[in-house]
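Undergrad: If you scroll down you'll find the structure; I have some questions about it.
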Amino acid sequence: MGLRFTTRTSDSPWVDAVWTCTGEQVGEMTSVAAPRWGLVFWECDGRAHAGVTGPETATGSAPVPEGASFVGIEFAIGTSLRDLPVASLVDGGVELADATRTSFRLCGSRRWERPAPDDAEALVARLVRDGAVVRDPIVGEVLRGGRPAVSDRTLERRFRAATGLTRGAVRQMERAREAAHLLAAGKAATDVVASLGYFDQPHLARALRRYVGRTATQLQDGGAGALALDLGSFS
């Protein structure tokens, strides 16, 4: 019963994670704030679908069709589609037309082979070679702890253009997701506050409510229904 996730990290510099999900007798799930865009493929009632998902700045709710199965690719922060900027996808997404069980059409370009979970990196490599997926190297340098030789204003403008978000928003989302994993793994809220640099427990509680849609107690005991986050994998 519920949502069943599998998630793996990727060795591709263009991809953060690849995930699969199936739902049974769920009906609805809580979506979680996320700073990345992605490609998602799903089947429901015998029909195949494909879409581009954008960053989400807060939690929300989403229907889960009975028996649907999903495969998703989360792209690295700073990457984007050449013909569909990430900034235009924030808190939204686009369902791709003409998707079949074997192929999909991306932003009006030629058809691409629909990937299985183990084929995700091969698809991304082809998209990169074709120029369909691009990235801003300045964003990658910042995320690796570097300091590009540009002004703070230029840096923030480039970061927002590439991600649709500010650097601060990305940090807050990432920290809240890390807190959720630690709490689900059994770590005490006081320890999470100390290890992740929250000011106090109310500060942690507000972040969890805004970005994860759960309290610390709910994450620790697995309560309050289906959550669109694989709490069983954490790196």
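Undergrad: Please state the relative contact order of segment 138-235 as a whole percent: Cα pairs under 8 Å, 6+ residues apart? Let's see the in-between values first.
TA: Numbers: 71 pairs, mean separation 22.5, N = 98.
The value is 23 percent.
Undergrad: Just to check I understand the Karplus step: with θ = phi - 60° and J = 6.51 cos²θ - 1.76 cosθ + 1.60, what whole-Hz values come out for segment 194-207, glycine and proline as x?
TA: 5, 6, 9, x, 6, 5, 6, 5, x, 4, 4, 4, 5, 5
Undergrad: Using a probe radius of 1.4 Å on heavy atoms only, what accessible surface per residue do you get for the chain? Whole Å² is fine. Show your work: numbers first, answer last.
TA: Details: 11670 Å² over 235 residues.
With all protein chains present, the chain gives 50 Å² per residue.
Undergrad: Now for a separate question. Antiparallel DSSP bridges in the chain: what percent, to the nearest 5? If you can, show how the numbers build up before the last one.
TA: On the way: 44 of 46 bridges.
Approximately 95 percent, going by the DSSP bridge assignments.
Undergrad: Oh, and also: So if I take the alpha carbon set of segment 1-139, get Rg, then get Rh from the Kirkwood formula, what is the Rg over Rh ratio?
TA: On the way: Rg = 14.5 Å, Rh = 15.4 Å.
Rounded to two decimals, Rg/Rh equals 0.94.
Undergrad: Accessible area of the chain with a 1.4 Å probe: how many percent of it is carbon plus sulfur?
TA: 50 percent
Undergrad: Pulled fully out, how much extra length does the chain show between A116 and D45, if you take 0.36 nm times their separation in residues and subtract their Cα-Cα distance?
TA: On the way: separation 71, 0.36 × 71 = 25.56 nm, distance 1.90 nm.
Result for the pair: 23.7 nm of gain on full extension.
Undergrad: With θ set to phi - 60°, apply the Karplus curve 6.51 cos²θ - 1.76 cosθ + 1.60 along segment 43-54 and write out the HN-Hα couplings as whole Hz, x wherever there is a Gly or Pro.
TA: For segment 43-54, the Karplus curve yields 10, 8, 6, x, 10, 9, 9, 8, x, 10, 9, x Hz.
Undergrad: Still on this structure, I have one more. Would you mind calculating the relative contact order of segment 32-123 from Cα pairs under 8 angstrom and at least 6 residues apart, reporting the percent as a whole number?
TA: Details: 157 pairs, mean separation 27.4, N = 92.
Contact order relative to length: 30 percent.
Undergrad: Please report the spacing between the Cα centers of segment 9-39 and segment 89-147 in Å, no decimals.
TA: That distance is 14 Å.
Undergrad: Hey, another quick one. With a point put 7 Å past each Cα toward its Cβ, work out how far T217 is from R4 in nm, to one decimal.
TA: 3.1 nm
Undergrad: Using Cα pairs under 8 angstrom and six or more residues apart, how large is the relative contact order of the chain, in percent? Walk me through the numbers on the way to the answer.
TA: Values: 445 pairs, mean separation 53.1, N = 235.
After rounding, I find 23 percent.
Undergrad: Give me the Kirkwood hydrodynamic radius of segment 1-59 in Å, from all C-alpha pairs, to one decimal place?
TA: Answer for segment 1-59: a Kirkwood hydrodynamic radius of 13.3 Å.
Undergrad: Quick query: amide H of S103 versus all other amide H atoms, modeled in the peptide plane; which residues come in under 5 Å with a sequence gap of 5 or more or a different chain?
TA: Distant-sequence amide H within range of S103: R114.
The values are calculated or read from the model by the stated rules, or taken from the named source; none is laboratory data. Values in this document were obtained by computation on a predicted structure and should not be read as measured data. Note that we place each Cβ from the backbone using ideal geometry, even for glycine, and neighbour counts take in every protein chain shown. Surface areas here come from the heavy atoms of the whole protein model, side chains and all, with no ligands, DNA or RNA. Shrake-Rupley method; radii C 1.70, N 1.55, O 1.52, S 1.80 Å.
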